[in-house]
Protein chains: 2
Amino acid sequence: MRRGNVYQIANGYMGYRGTLDEFSSEQLVGITLAGIFDRVGSAWREPVNAPNGGFTSVSLGGAELTALGKKVARHRQTLRFDNALFQRETAFVSKGTTLTIRSSRFLSAENPNLGCIRFSVMSDRAAQVTIRTGIDANIWDLNGPHLLHLSAARKDKVLVVEGSTNESSKRVVVAEASDIGFGEVSYESSGNRNLRVVTFRAEAGKTYTFHKYFAVFTDNDAVGGSLVEAAVEAVRRAASDGHEACLAAHDARWREKWARCDVTIDGDDEAQLALRYSILQLLMVAPVKGSANSIPARALSGQVYKGAIFWDTEMFMFPFFIHTYPEKAVELMRYRIRTLNGARRKARTEGVGTRGAFYAWESQETGEDACTYFNIGDPFTGRALRTYFRDKQVHISGDVAIAMWDYFRLTGDDSLLLEGGAEVILECARFFYSFAYFKSEKRRYEILDVVGPDEYHERVNNNAFTSMVARETLTIATEAVGYLRRRHPKALGRLLRKLRIEKELPAFQDAARRLFVPGPDPKTGIIEQFDGYLGLQESTVEELKARMIHPNEYLGAGQGLAVPTKIIKQADVVMMLNLFRTRFPSAIKRANWEYYEPRTEHGSSLSACAYAMVAAEFGNLDFAYKYFLKTAKIDLEAKYKVYVGSVFMGGSHPAANGGAWMTAVLGFGGVQADERRVAINPRLWRKWKRLNFHLAYKGDDFRINITRNTVTVAPSGTNARTHTMVVAGRPVNCAPGRLATVRYRPSR
Amino acid sequence: MRRGNVYQIANGYMGYRGTLDEFSSEQLVGITLAGIFDRVGSAWREPVNAPNGGFTSVSLGGAELTALGKKVARHRQTLRFDNALFQRETAFVSKGTTLTIRSSRFLSAENPNLGCIRFSVMSDRAAQVTIRTGIDANIWDLNGPHLLHLSAARKDKVLVVEGSTNESSKRVVVAEASDIGFGEVSYESSGNRNLRVVTFRAEAGKTYTFHKYFAVFTDNDAVGGSLVEAAVEAVRRAASDGHEACLAAHDARWREKWARCDVTIDGDDEAQLALRYSILQLLMVAPVKGSANSIPARALSGQVYKGAIFWDTEMFMFPFFIHTYPEKAVELMRYRIRTLNGARRKARTEGVGTRGAFYAWESQETGEDACTYFNIGDPFTGRALRTYFRDKQVHISGDVAIAMWDYFRLTGDDSLLLEGGAEVILECARFFYSFAYFKSEKRRYEILDVVGPDEYHERVNNNAFTSMVARETLTIATEAVGYLRRRHPKALGRLLRKLRIEKELPAFQDAARRLFVPGPDPKTGIIEQFDGYLGLQESTVEELKARMIHPNEYLGAGQGLAVPTKIIKQADVVMMLNLFRTRFPSAIKRANWEYYEPRTEHGSSLSACAYAMVAAEFGNLDFAYKYFLKTAKIDLEAKYKVYVGSVFMGGSHPAANGGAWMTAVLGFGGVQADERRVAINPRLWRKWKRLNFHLAYKGDDFRINITRNTVTVAPSGTNARTHTMVVAGRPVNCAPGRLATVRYRPSR
């Protein structure tokens, strides 16, 4: 269960849980596809899992071997960080014979439809061995079955399984080829399995190796012809190239990835391991180029959370990609452009008179909201509780707009704006304008009746985070229009005409100016999370937990124990301070951090890293480190709950993975980039001797090396121009290929 | 329990449950005082019950007799409607001897501090009888004890018990005098009882009669001297006047009351009885002149609902008094003037930036809100549920302002405006203005985040009832200022300066003009109860009840079964159509009535009569009658629940009493009065041959007699001027003392 998560591999197109070759649906084998969803009846809509083209089982003397059985003498499995290669080695003992299986598996980083497996068996004594290998269409689904009309076929020696989703009849095709060069081969197609059966007498001590190639194609792939042919052709080509060639191409891609994204930490192996694992996760699930896919909250690790994309992506994953790998960041943003019409529909249907783009809280392929109004179970009544995540968590549109603008600000690449990014920004601004109310007496706009990041307190007014994000969106809209007017006046004209929005622009500006955002109290520095928050009951997380009657009772949803108290689910004001970290002085960050932290349950994996980031900002590095490590180790240790009640919740936490990177590089590394420059103000944790990472900025690349008292910037020799960075407050010229080193005084 | 409610008597100063002379706290004897409240610890604040000065017990041969015991041969108790006299007669048999007790009791309508009792015993055989009579300070309290430092004293032959409330040390004094002229008298003071003990040998067949007088005084009585002396003096004077004289004065007052308020219905004895009983209830609990008290939701029948005044008073009781007995209506309004500062405090503390007067949802003597944020128990968790009655049911301020203005409109008496009524209206308008938000795009104000009369759907936007009431308040404020400017410019000047409100008045006008109130759909005529109501799930009350897991589960409070559905607790849009009955055509009333009625649980006693009223308006008289009768019989039949869980909920329903009168006179009688004229459009129910009632209008009095096809108006001979009424659409001159009869065509 947990191992399936920890050892999973992925290539952006699909994720393959870290299960073993002989496993099937009962052992929760999952090959989860990006961007293709299906719904059965009234159950949750969720991503589609593909038939398993990686299936291989081995029988010894007629008995099928499984690593979960009693004959296992030895088992070892590994996941390589450098190229996301999964390997296993299992020795089975049966009637005095030891048979060892070795396999390695990768999902090609070069060819996203392709998976490759090398499989070998070796018996210490001569033995009768049967290998069944091919496609297992017994698919594990949370709310399936999603593939109907499953059919098995064979094209020459290539096996094919084909099915189609029941909601929209999207076809999913898997082809598999194998280069088995020993034994008697026959074919067997039964019980949703399409297999080739190889029977042979294994000589003692001889290793029998073969290679498998499987390819997955769906109607989402613009193959311009038969899906089956495309899949068959893909595996044939791979087989013809051979395993080594495929692996070499894959490895080359992975070397590029790591070159851009690796972070090294000297002096702290634990942090190094956890952070690298986090980065590996992000690199594996980054969308395929041109796919306009995004990364779901559980990435490609399965169907949990409906495979939906949340704000997590923009807030916690996007920063990693925009700072290291903008080609991936742009796909995340293209996904929001692709789903703009869904967001427009939601604005129309979810609000009274709202317009523009209100993005889905749980977004799938069309941008329709997969979030239900009744999203949490009540253990007391067995009923579902009404929550307002879907209809009131409006900050999502601002999160999207801010990321969209950041892409432009930090890459300098305005093509995204032109291909729909500006349209997204304007429609998000329009949404907030139509959502806001004006308080005549106070001459100000207010953002009312929302849910902020702290989901325990629903339907609040003037939530600092949401209002700040809304104001920022309105401001960005004005800036984007200003930029396009200067640089792309014709494109702007077309856009304004299309949206019929020109007359509204002054109102956006006015609203941005007059929009109320709760600010720091002049005496205490505390920013009130929302109207009335400071008047709520004092409590502690422990106290609330002690008052719980049922272990699964939810603390929010209007009547939960946290609702009348100041206890919050996750960073909210502190999240705002993190997102807008250049806007607030250190003292305000500290004051709010110290006020809110003891009142935070950290009931979400997003919370710890926001607190870690802000703690790093104002200098509580020990705390920052503690929460950094907690965040970075989530998936590696996999100590989270995998079941809530009877619902499987396991899977990876890409937002935490991104949060770990953010805390390391932006927090401890002190990197702060905007459209003008990159600033670096390091505050290494005390055990860290060196922090080394890559930065992408305005199309150029930099390697940054931070020691206890120096910062060295190594601009790539291929950089297009010289940049001025501000390191520890001092401007540093960073010319292509020229190292620049600055000494700084560590904060303590 | 129920009988204590059905047979209760009251005189506006106090209510005396219909318990028997010999009963004590265990039998729930309650003498509930108007306008004096106390709180013990963190329990609910509630009215104070006075020590029982009406206590008398009789022992026969040493054994105390009680009507709850086994020796009762016969018992009969009655409540006279004409003078609110409670009588009982009980025959006890013990060892062959039958002893009969007769008593009659009234709370003086002439002297509100006074209660008078005639008590007699008669034994059919000679017997040793002991009578204990005096003051029993064993008080039944829901959340007591409220009276501390109880002390008993005797001033000559007058018994006194004195105590003081624990919250604010308000003294409560009871004095009792008796004219016992037989037997041996001694005194006994023990166990909170202060008694006189009369022992005598009763002769066979001889009736021994005595009279008791008890007086209650509290620190709320401005006696200008010692409370004890005042109480002692009161009972001495009553004793000196004698029972007959006291009763005669009482009766004279009651004749006046009935002359003003009686309604006769020929052809329907059931309706006649129920309606008279309802009117009796209202007359008994009407506030004492000059008290500036109002009528709580359970009137003076006990401590249920914290003895608090709700909107019920303005919406359901005030119409009865304003149309029949304006001297009582004015006290209800003075109560709101008296509690204006409490309402101002609530506006400041309950809202962010709201100003003006936000009246308490559950109002006690200071106008502080006795309503808790957690007002309903959750049977699943045993916790209290957060409800928004207190902080979001803002229509209360409009209900008050409308009634305040109606007092002026229908009496022509502007003194109330000058003594604080205009201030209340302006402060309520200010509240709504400060509460409203402006929607820039739509150029309109909206009233957001409220609870309307249908409390199952909390925190809704643009609730038709609330918005209409808010707009009306803003309009009334402008009209009131206009009136005062013409008639009382100096007083207006003082008021505007005091409130510093003059600059705000144009904004009120503007807001009234631009305030959005959901109107009828052009096609269906349906008025949407609030934003989004029409999109809620369809259901039926039966369906919801079938889905209930626990019999006491509440259907609202954010997660209740009714919340996602269209099922409403009580009349809401229909209540609005009732309150503003001249503003909507019959077809709209019918359309909304027919839409909402099947979706209404009628979970409040206020609901049925609103539906009955509106049904009468558009001509569904059978339905109107059915709900009229249901409303009118509530207290007489007392079939309501008296316990909810362990909480006593019994008591009278003065709002339903008022609703019964409204339905009879305004509904079936078709009376509609405004500042210009009285209109009468009768629509008698088919069995009613005649409906006869009194009307007070602009200081003059009228008797109206409606038959199946005539309306006769009998203006009082003492009327000051000739009025023009509009009867069945025709103007009718109503000169003092001159009968005017108009024929009309019955609606069917």
Open item on the list: Just to be sure I understand, how many residues within the range A:159-178 are surrounded by fewer than 23 Cβ atoms within 10 Å (Cβ to Cβ) and in contact with a helix residue (DSSP H, G or I) (Cβ under 6 Å, 6 or more places away or on another chain)?
Closed with: 1
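Every residue, every condition in (1) at pLDDT below 95; (2) within 14 Å of chain A (Cβ to nearest Cβ); (3) part of a loop (DSSP other than H, G, I, E, B); (4) at positive phi, yes or no:
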position: B:Tyr554; (1), (2), (3), (4): yes, yes, yes, no
position: B:Gly558; (1), (2), (3), (4): yes, yes, yes, yes
position: B:Leu561; (1), (2), (3), (4): no, yes, yes, no
position: B:Val574; (1), (2), (3), (4): no, no, no, no
Task: Residue pairs meeting the criteria (Cβ under 7 Å; at least 6 apart or on separate chains; first of a type in the set (S, T, N, Q), in the range B:425-440; second surrounded by 24 or more Cβ atoms within 10 Å (Cβ to Cβ)) - done: B:Ser434/B:Gly356
Task: Qualifying strands (runs of 3 or more DSSP E) (wholly inside the range B:589-700; at least 3 residues being surrounded by fewer than 22 Cβ atoms within 10 Å (Cβ to Cβ)) - done: B:690-697
TODO: Among the residues of the range A:724-742, count how many are more than 18 Å from A:Asn692 (Cβ to Cβ) and of a type in the set (A, V, I, L, M).
DONE: 2
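Any residue that is of a type outside the set (D, E, K, R), in contact (Cβ under 8 Å) with a residue 40 or more places away in the chain and within 14 Å of chain A (Cβ to nearest Cβ) - is there at least one of those in the range B:335-350?
Yes, the conditions are met somewhere in the range B:335-350.
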TODO: Give A:Asp406, A:Asp391 a once-over and let me know the one that is within 14 Å of another protein chain (Cβ to nearest Cβ), part of a helix (DSSP H, G or I) and within 27 Å of the chain's Cα centre (by Cα).
DONE: A:Asp391
Task: Breaking point among (1) surrounded by fewer than 21 Cβ atoms within 10 Å (Cβ to Cβ); (2) in a loop (DSSP other than H, G, I, E, B); (3) under 35 Å from the mean Cα position of the chain (by Cα), for B:Ile139 - done: (1)
Open item on the list: Being over 11 Å from B:Arg132 (Cβ atoms), not in a strand (DSSP E or B) and not charged (D, E, K, R) is the requirement here; does B:Gly163 meet it?
Closed with: no
TODO: Would you be able to tell me the number of residues in the range B:260-284 that are over 23 Å from B:Ala655 (Cβ atoms), part of a helix (DSSP H, G or I) and in contact with a strand residue (DSSP E or B) (Cβ under 7 Å, 6 or more places away or on another chain)?
DONE: 0
TODO: Scan the range A:527-539 residue by residue and report those that are of a type outside the set (Asp, Glu) and either under 21 Å from A:Arg590 (Cβ atoms) or within 14 Å of another protein chain (Cβ to nearest Cβ) (or both).
DONE: A:Ile527, A:Gln529, A:Phe530, A:Gly532, A:Tyr533, A:Leu534, A:Gly535, A:Leu536, A:Gln537
TODO: Scan the range B:304-311 and give yes if some residue there is free of Cβ contacts under 8 Å to residues at least 12 places away in the same chain and of a type in the set (D, E, K, R), otherwise no.
DONE: no
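Taking the options B:Tyr640, B:Tyr625, B:Tyr697, name whichever one is in contact with a His (Cβ under 9 Å, 6 or more places away or on another chain) and modelled with pLDDT of 95 or more.
Sole residue among the options that is in contact with a His (Cβ under 9 Å, 6 or more places away or on another chain) and modelled with pLDDT of 95 or more: B:Tyr697.
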- [ ] Quickly run through the range B:514-523 and pick out the residues that are of a type in the set (Lys, Arg) and more than 13 Å from chain A (Cβ to nearest Cβ).
- [x] B:Lys523
- [ ] Taking B:Ala286 as the residue in question, decide whether it is crowded, with 24+ Cβ neighbours inside 10 Å and in contact with a Pro (Cβ under 6 Å, 6 or more places away or on another chain).
- [x] no
TODO: Return a yes/no flag: does the range B:433-455 have any residue that is more than 13 Å from every other protein chain (Cβ to nearest Cβ), more than 20 Å from B:Ala507 (Cβ to Cβ), part of a helix (DSSP H, G or I) and modelled with pLDDT of 95 or more.
DONE: no
Task: Residue check, A:Thr66 free of Cβ contacts under 8 Å to residues at least 60 places away in the same chain, part of a loop (DSSP other than H, G, I, E, B) and hydroxyl-bearing (Ser, Thr, Tyr) - done: yes
TODO: Please find, within the range A:412-422, the residue that is nearest to the other protein chains (Cβ to nearest Cβ) out of those that are assigned to a helix (DSSP H, G or I) and either in contact with a strand residue (DSSP E or B) (Cβ under 6 Å, 6 or more places away or on another chain) or surrounded by fewer than 21 Cβ atoms within 10 Å (Cβ to Cβ) (or both).
DONE: A:Gly420
Open item on the list: When the residues of the range B:456-471 are narrowed to those that are more than 12 Å from every other protein chain (Cβ to nearest Cβ) and assigned to a loop (DSSP other than H, G, I, E, B), which ends up farthest from B:Met315 (Cα to Cα)?
Closed with: B:Tyr456
Task: So B:Gly302, is it at positive phi, surrounded by fewer than 19 Cβ atoms within 10 Å (Cβ to Cβ) and within 18 Å of the chain's Cα centre (by Cα) - done: no
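So, in the range A:563-572, how many residues would count as being part of a loop (DSSP other than H, G, I, E, B), more than 14 Å from chain B (Cβ to nearest Cβ) and either touching a strand residue (DSSP E or B) at 6+ places or on another chain (Cβ under 6 Å) or not small (Gly, Ala, Ser) (or both)?
So the answer is 5.
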Task: Selected residue (only one of B:Gly356, B:Gly367, B:Gly351 is more than 25 Å from A:Glu553 (Cβ to Cβ), at pLDDT 95 or above and not charged (D, E, K, R)) - done: B:Gly356
Open item on the list: With touching a Phe, Trp or Tyr at 6+ places or on another chain (Cβ under 9 Å) and in a strand (DSSP E or B) as the only criterion, which of B:His211, B:His149 stands out?
Closed with: B:His211
TODO: Find the residue count for the range A:368-386, including only residues that are more than 10 Å from chain B (Cβ to nearest Cβ), surrounded by 20 or more Cβ atoms within 10 Å (Cβ to Cβ) and either charged (D, E, K, R) or more than 24 Å from the chain's Cα centre (by Cα) (or both).
DONE: 1
Task: Of residues in the range B:561-577 being in contact (Cβ under 8 Å) with a residue 24 or more places away in the chain and surrounded by fewer than 24 Cβ atoms within 10 Å (Cβ to Cβ), the one nearest to B:Ser607 (Cα to Cα) - done: B:Gln570
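Has the range B:497-506 got any residue that is within 11 Å of chain A (Cβ to nearest Cβ), in a loop (DSSP other than H, G, I, E, B) and under 30 Å from A:Gly353 (Cα atoms)?
Initial filter on the range B:497-506 (within 11 Å of chain A (Cβ to nearest Cβ)): B:504.
From what is left, the residues that are in a loop (DSSP other than H, G, I, E, B) are none.
Scanning the range B:497-506 turns up no residue that is within 11 Å of chain A (Cβ to nearest Cβ), in a loop (DSSP other than H, G, I, E, B) and under 30 Å from A:Gly353 (Cα atoms).
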Open item on the list: Could you check the range B:701-727 and list, in sequence order, the residues that are surrounded by 18 or more Cβ atoms within 10 Å (Cβ to Cβ) and either over 32 Å from the mean Cα position of the chain (by Cα) or of a type in the set (Asp, Glu) (or both)?
Closed with: B:Asp701
TODO: Could you tell me which of the residues B:Val129, B:Val72 is under 18 Å from B:Gly205 (Cβ atoms) and not basic (Lys, Arg)?
DONE: B:Val129
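The values are calculated or read from the model by the stated rules, or taken from the named source; none is laboratory data. Computed from a predicted model, the values in this text were never measured in an experiment. As a convention, Cβ positions derive from the backbone with ideal geometry for all residues, glycine included, and neighbour counts pool all protein chains shown.
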